[in-house]
Amino acid sequence: MRYFAWFVLSVLLLVVVVFSGLNSSLVEVNFYVAKFHLALSFLLLLAMLVGVVMMGVVCLSSWLRHKSKIRQFRSDINQLNKELDNLRKLPMKDLEL
């Protein structure tokens with residue numbers, strides 16, 4: 001499995017290097033207050049990185065919400081288990097029909 005991960009990482013790195021080589025032209029980025037000239041490959045990589053970070057923030061908030069729910073459910077399970085143990089300890093009464 002480790003070799004497969006290294007292989008995939010190597011192929012991905014090769015794709016990034018080839019992509020950067022093919023898209024090395026400069027583009028102008030205008031922010032109304034400032035203008036920058038950046039390589040197209042760097043600009044696309046930066047946009048992808050910003051997207052990954054934003055997706056990470058969204059996923060993190062969802063993960064934290066689910067983790068909180070799981071913690072609450074585990075607490076409920078523990079409470080119900082204690083209640084069940086207490087009910088099992090009670091003596092049973094004989095019922096006559």
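Hey, does the range 66-73 have a residue that's within 30 Å of Phe19 (Cα to Cα) and either charged (D, E, K, R) or at pLDDT 90 or above (or both)?
So the first thing to find is which residues in the range 66-73 are within 30 Å of Phe19 (Cα to Cα), and the list is none.
No, the conditions are met nowhere in the range 66-73.
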Worksheet entry | Residue pairs meeting the criteria (Cβ under 6 Å; at least 6 apart or on separate chains; first within 17 Å of Val15 (Cβ to Cβ), in the range 39-57; second among the polar types (S, T, N, Q)) | Ala39/Ser24; Leu40/Asn23; Leu40/Ser25; Ser41/Ser20; Ser41/Asn23
Discussion item. Of everything in the range 28-46, what is surrounded by 10 or more Cβ atoms within 10 Å (Cβ to Cβ) and under 21 Å from Val16 (Cα atoms)? Give them in sequence order.
Written reply: Leu38, Ala39, Leu40, Ser41, Phe42, Leu43, Leu44, Leu45, Leu46
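The values are calculated or read from the model by the stated rules, or taken from the named source; none is laboratory data. Fair warning: this is a prediction, and the values are worked out from it, not measured in the lab. Note: ideal-geometry Cβ built from the backbone for every residue, glycine included; neighbour counts use all protein chains shown.
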